[in-house]
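Chemist: Here it is: the structure, laid out below.
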Amino acid sequence: MYDYFFTFRSVTAAMTGGRVLERAGVPGVTVRTPKKLRQKGCGYSLRVREEVLPEARSALQAAGARYQKLYRKTGSGTWQEVLG
């Protein structure tokens, strides 16, 4: 299974997204965005497991929580941007 990271520009936006997931019953954790994924200064992400990705994506989109990008961390430790 993979970990997926929804990246946000600020801790406030990430925490808001975390509350959206919590209300939807979707497990997720607010974390610092890994250095390799940071685009502008400090960033925060929501980390979710692969098995809840569709529910997480749907809940964030329905609530209008604007994440910057979505990445997947592969088993070998590399990062892949997930489009769509």
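Chemist: Counting only protein heavy atoms and using a 1.4 Å probe, what share of the accessible area of the chain belongs to carbon plus sulfur, as a whole percent?
Modeler: Working: 2600 of 5180 Å².
Roughly 50 percent, rounded to a whole number.
Chemist: Tell me the per residue accessible area of the chain using a 1.4 Å probe; a whole number in Å² is fine. Let's see the in-between values first.
Modeler: On the way: 5180 Å² over 84 residues.
Result: 62 Å² of accessible area for each residue.
Chemist: Regarding the stretch 1-43, what whole-number volume in Å³ per residue does the convex hull of its Cα atoms give?
Modeler: Normalising the Cα hull of the stretch 1-43 by residue number yields 65 Å³.
Chemist: Run the numbers on the chain and let me know its relative contact order in percent, using alpha-carbon pairs under 8 Å that are six or more apart.
Modeler: 42
Chemist: Separate question: Largest first, please: the extent of the C-alpha atoms of the chain along each principal axis, to the nearest Å.
Modeler: Taking max minus min along each principal axis of the Cα atoms, the chain gives 31, 29, 21 Å.
Chemist: Treating only the Cβ of Lys, Arg, Asp and Glu as charged (+1, +1, -1, -1), what charge dipole size does the chain show about its Cα centre? Round to the nearest 20 debye.
Modeler: With Lys and Arg at +1 and Asp and Glu at -1, about 440 debye.
Chemist: Once you have the Cα-Cα distance between V31 and E81, take 0.36 nm times their residue separation minus that, and quote the gain in nm to one decimal. Provide the component values of the computation, followed by the final result.
Modeler: Working: separation 50, 0.36 × 50 = 18.00 nm, distance 1.76 nm.
Going from the current span to full extension adds 16.2 nm.
Chemist: Using packing as a proxy for protection, rank 6-18, 70-82 so that the peptide with the highest average count of other Cβ atoms within 10 Å comes first.
Modeler: 6-18, 70-82
The values are calculated or read from the model by the stated rules, or taken from the named source; none is laboratory data. Bear in mind the structure is a predicted one, so any value in this text is a computation, not a measurement. Virtual Cβ from ideal backbone geometry, glycine too; neighbours counted across all protein chains shown. These accessible areas exclude ligands, DNA and RNA; they are computed on the full protein's heavy atoms, side chains included. Shrake-Rupley method; radii C 1.70, N 1.55, O 1.52, S 1.80 Å.
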